[in-house]
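Taking it in order: structure first as structure tokens, then the write-up.
The values are calculated or read from the model by the stated rules, or taken from the named source; none is laboratory data. Keep in mind that what you see is a predicted model, and the values were worked out from it rather than measured. Positions of Cβ are backbone-derived with ideal geometry, glycine not excepted, and every protein chain shown enters the neighbour counts. Heavy atoms of the whole protein, side chains included, go into the accessibility calculation; ligands, DNA and RNA do not. Shrake-Rupley method; radii C 1.70, N 1.55, O 1.52, S 1.80 Å.
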Amino acid sequence: YTTASFSTASSFDDSEFESTKPHWTWSKSQEPHLTCPITKQLMSEPVILVESGITYDKEAIENWLALNDSDPVTRQQLTAKQFISNRILKQQIDEWKKQTQREQGVQGELNLDLLQRQLAEHA
């Protein structure tokens with residue numbers, strides 16, 4: 001079972017967030033397949049790079065492919081920069097978020113920007 005701990009943003013030093021907004025502490029080792037290999041953050045829109053079969057967050061792979069002609073993990077030269085939605089992984093991410101919210105008893109929406117920043121800090 002995956003666990004995450006909940007606290008208030010008072011322990012998180014970022015002035016753009018109010019101190020009363022909840023945030024999540026999450027260890028990438030608990031669910032590494034939910035994180036993007038490029039950003040090391042929880043994926044919001046997972047897509048599969050067709051030639052390599054590796055899943056990335058859509059925004060991250062679009063940014064990578066705009067500047068590179070290779071797969072970011074395998075370094076394989078790509079003949080086509082095509083990707084498709086990984087709907088199964090998206091469902092798993094959504095279920096992980098719902099389950100984590102239920103386990104922590106948190107009401108309201110998960111603040112993904114804050115979660116991703118914390119993941120980046122713990123990477």
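For the reader, a short list of remarks on this structure follows.
- When residues of segment 32-58 are limited to those that are charged (D, E, K, R) and within 11 Å of the chain's Cα centre (by Cα), the one least open to solvent (accessible area, probe 1.4 Å): D57
- Restricted to segment 81-121, and to residues there that are within 18 Å of T55 (Cβ to Cβ) and modelled with pLDDT under 85, the residue that is least open to solvent (accessible area, probe 1.4 Å) is L119.
- In segment 65-80, the residues that are in a loop (DSSP other than H, G, I, E, B) and surrounded by fewer than 12 Cβ atoms within 10 Å (Cβ to Cβ): D69, R75, T79, A80
- Of note, T55 does not satisfy the criterion of being closer than 14 Å to L34 by Cα and either modelled with pLDDT under 90 or among the small types (G, A, S) (or both).
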